[in-house]
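Notes for the one structure printed next.
The values are calculated or read from the model by the stated rules, or taken from the named source; none is laboratory data. Computed from a predicted model, the values in this text were never measured in an experiment. Cβ sites come from the backbone with ideal geometry, for glycine too, and all protein chains shown count toward neighbours. The accessibility values were calculated without ligands, DNA or RNA, using every heavy atom of the protein model including side chains. Shrake-Rupley method; radii C 1.70, N 1.55, O 1.52, S 1.80 Å.
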Amino acid sequence: MKCMWCDAEPIRESVKDCYWVAPDGKTAVQILEAPALDCPNCGQYVTESMSQRIEEALYLNDFSVLGSKFRYDELMNAPRINKFSSKG
């Protein structure tokens, strides 16, 4: 596999601790052990597709009980929020 930024080979799968802005736009959360790639030239980075998965999970899952620091797996296993239910 090649690095998406510099085309270096080989890169390896890794994990990275990162900060993310929560969907409310006011708070940040720390996500531990997020899947990442490790390039010998660029260092560790989260791919665009993984970034999208994290964004979707933060928007669709109820992570409020996890606090402001949690593991990637905990976020992915958090219960879904039904944002489209109608009250009435």
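Things worth noting here:
- Pairs of Lys residues in the chain, spaced 8 or more positions apart or belonging to different chains, with C-alpha separations under 21 angstrom: 4 in total.
- Residue with peak Gaussian network fluctuation, the chain [Cα springs, cutoff 10 Å], from ILE54, ILE31, ILE11: ILE11
- Across the chain, the relative contact order, built from alpha-carbon pairs under 8 Å that are at least six residues apart, equals 24 percent.
- Heavy-atom accessible area ranking, 1.4 Å probe, most first, across VAL46, VAL15, VAL65, VAL29: VAL65, VAL15, VAL46, VAL29
- Each of [x] 79, 46, 17; [y] 57, 23, 22; [z] 33, 30, 24 is a candidate for Cα extents along the principal axes in Å; the one calculated from this structure is [y].
- GNM remark for the chain: springs join alpha carbons under 10 Å apart, and the peak mean-square fluctuation among LEU32, LEU58, LEU66 falls on LEU66.
- Choice from SER51, SER64, SER14 showing the highest fluctuation, given a GNM over the chain with Cα pairs closer than 10 Å: SER64
- In the chain, helical runs assigned H by DSSP with n ≥ 4 each contribute -39500 (n - 2.57); averaged across all residues and rounded to the nearest 500, the mean residue ellipticity at 222 nm is -6000 deg cm²/dmol.
- Cα lying deepest toward the dipole's positive end in the chain, options TYR45, CYS18, CYS6, charges on Cβ: CYS18
- Rounded tilt (10° steps) of 48-60 against the dominant C-alpha axis of the chain: 10 degrees
- Loop-located trypsin sites (Lys or Arg not before Pro) across region 1-36 with a Cβ neighbour count of 13 or fewer within 10 Å are LYS2, LYS26, with loop assigned by DSSP.
- Accessible area of MET50 in the full protein assembly, 1.4 Å probe (Å², nearest 10): 30 Å²
- Estimated dipole of the chain in Debye, rounded to 20 [Cβ of Lys and Arg +1, of Asp and Glu -1, Cα centre]: 380 debye
- Cα-centred dipole magnitude for region 2-43, charges only on beta-carbon of K, R (+1) and D, E (-1), debye, nearest 20: 100 debye
- Probe 1.4 Å, all protein chains present, accessible-area order of TYR19, TYR45, TYR59, largest first: TYR19, TYR59, TYR45
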